[in-house]
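Inspection log for the structure reproduced underneath, given as structure tokens.
The numbers here are math on the coordinates, done by the rules we state, and not lab data. Note that the structure is predicted; figures quoted are calculated from it, not measured. Reconstructed Cβ throughout: ideal geometry from the backbone, glycine too, with neighbour counts over all protein chains shown.
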Amino acid sequence: MRFYPFILLVFLFSCNAKDQKMCDCLEAGDKLNQLSAELLVNEVTPSQKAEMEKLKAAKAEKCKDFQTMSGEEMLKRKAACGDK
């Protein structure tokens, strides 16, 4: 019974804790979006194409755990990451 308050505190803090994997996913998506926006207005070079493929793969890897997450849950986790 002495551990009950400790467990409760851990649970409460974990509910509001930042999900670093989600934050990494969002950051990877932001990088991909920035490069995509740049490439829409300029001619794509082979090195830019390679960078785009690298960013796509990084985003896919970092976001794979969130593919089936509900929109509501995703917004909650995104808010915990800050201004993303």
Check: How big is region 19-81 on each of its three principal axes, counting only the C-alpha atoms and giving the largest first in Å?
Finding: 38, 20, 18
Checklist line | Under 15 Å from LYS59, Cα to Cα: aspartates and glutamates that are on another chain or at least 8 residues apart | finding: ASP24, GLU27, ASP30, GLU51
Next item on the list: Return the subset of LYS21/LYS49; LYS21/LYS64; LYS49/LYS76 for which the Cα-Cα distance in this structure is over 22 Å, preserving the input order.
Entry: LYS21/LYS49; LYS49/LYS76
Next item on the list: Give the order of LEU26, LEU55, LEU40, LEU75 when sorted by the count of other beta carbons within 10 angstrom, beginning with the fewest.
Entry: LEU40, LEU75, LEU55, LEU26
